[in-house]
Amino acid sequence: MISSFVNPLQTDWNTWFITALCALITGLSKSGLKGFAMINIPILAILYGGMSSVGILLPFLIFGDAFALIYYRRNAQWSHIKRLFPWTMVGLVIAMLIGKYINDQQFRTSIAVSILVCLAIIVYRDISGQKTALTNNKWFTHSLGFSGGFATMIGNAAGPIFNLYLMSMRLPKNVFIGTGAYFYLILNTIKLPIHFFYWQSISTSTLQLNFVMLPILLAGAFAGKKIVQYIPEKAYRIFVIGVIALSAIVLLLK
């Protein structure tokens, strides 16, 4: 129950400052600097506890997705979303049912290892010059969709997995950001009532905290939108790959 968690409105100034920094990072990540928000997962878990931190982070992600769509909605490619979505929902539903009982550390370790393996495949294909999209392989699409759905429900940790899926197609950065924004917004909106009514990881107190931090998140989103305009396509791809790898390491160490 949410009543057993830390009340985010009754914390010290250091906790508020770090939470505000997490909101800023979420804005930066959602508006183009993909993957940055992953570092919020261990930080908020330390501050508020595992289940409660997931409920605090989710509205931040929804705010960020909505902002990203203002700028990138015309760049989204729905075919990629439709291909991945059914398997993502399967993973999400299974995670919803067993999420209160799963061993969080074992799950995060397995997700991190999967991310690093898939990332190694993509980097190898880049170096070797292979051009055939990994998404042509059903095992790749289905496994990433399922694990991404599971990860997004358990700990809002699906970003690296879905980014891998989009990165494997070598999409231009604006298409990459727009497609991801639509996909994440759909999934995160589906998760919202589950967290509020079933897991009870979101309360009126946590939502108040989210809205207090909203201006800081929007400031990060505006800054991220400006920064990404100056990053060349190739450099942007290298940047995202690096952040995905770092995110996987963070999951292993948490």
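The values are calculated or read from the model by the stated rules, or taken from the named source; none is laboratory data. Remember, it's a predicted structure, so these values are computed and weren't measured experimentally. We place every Cβ from the backbone using ideal geometry, glycine too, and count neighbours over all the protein chains shown. Only protein heavy atoms, including side chains, enter the accessible area calculation; ligands, DNA and RNA are left aside. Shrake-Rupley method; radii C 1.70, N 1.55, O 1.52, S 1.80 Å.
From the cross-link list K138/K226; K138/K225; K34/K191, which pairs have alpha carbons spaced over 31 Å apart?
K138/K226; K138/K225
Once label points are set 7 Å from the Cα along Cα→Cβ at both A20 and Q105, what is their separation, rounded to one decimal in nm?
3.4
Under 17 Å from a point 7 Å along the Cα-to-Cβ line of D12: which residues of the range 25-54 have their amide N that close?
44, 46-49
Starting from the Cα coordinates of the range 17-98, work out the convex hull volume and express it per residue in Å³. Spell out each step's value before the answer.
Numbers: hull volume 8.2 nm³, N = 82.
Each residue corresponds to 100 Å³ of Cα convex hull volume.
If packing is taken as the average count of other Cβ atoms within 10 Å, what order do 86-97, 19-30, 178-189 fall into, highest mean first?
On the way: 86-97: 18.6, 19-30: 24.3, 178-189: 21.2.
Output ranking for 86-97, 19-30, 178-189: 19-30, 178-189, 86-97.
Give the ranking of Y198, Y236, Y230 by solvent-accessible surface, highest area first, calculated with a 1.4 Å probe.
These residues rank, largest area first, as Y230, Y198, Y236.
Starting at the first residue of the range 213-224, write each ³J(HN,Hα) from the Karplus equation 6.51 cos²θ - 1.76 cosθ + 1.60 with θ = phi - 60°, in whole Hz, x for Gly and Pro.
8, 4, x, 5, 4, 5, 4, x, 5, 4, 5, x
With the full set of protein chains in place, find how many percent of the accessible area of the range 38-92 is carbon and sulfur; take the probe as 1.4 Å. Each step should come with its number before you reach the end.
Working: 1460 of 2190 Å².
Reported share for carbon and sulfur atoms: 67 percent.
Counting only protein heavy atoms and a 1.4 Å probe, tell me what percentage of the range 133-254's accessible area is made up of carbon and sulfur.
73
Rounded to the nearest whole Å³, what is the per residue volume of the convex hull around the Cα atoms of the range 145-254?
Working: hull volume 13.4 nm³, N = 110.
Here the figure is 122 Å³ per residue.
Whole number in Å², please: accessible area per residue of the range 177-225, 1.4 Å probe, ligands, DNA and RNA not counted. Kindly include the intermediate steps, with their values, before the conclusion.
Details: 1860 Å² over 49 residues.
Here the per-residue accessible area is 38 Å².
Quick check: from the Cα gyration tensor, does the range 209-253 come out rounded (a/c under 1.5), prolate or oblate?
Oblate shape, in that a/c is at least 1.5 and b/c is the bigger or equal ratio.
Report, to one decimal in Å, the Kirkwood hydrodynamic radius for the range 137-189 based on all distinct Cα pairs.
Numbers: mean 1/r = 0.0886 Å⁻¹.
In the range 137-189 this quantity evaluates to 11.3 Å.
Work out, step by step, the length gained on full extension between Y198 and I46: first 0.36 nm times the residue separation, then minus their alpha carbon distance; give nm to one decimal. Walk me through the intermediate numbers first.
Details: separation 152, 0.36 × 152 = 54.72 nm, distance 2.29 nm.
Once the chain is fully extended between Y198 and I46, it gains 52.4 nm.
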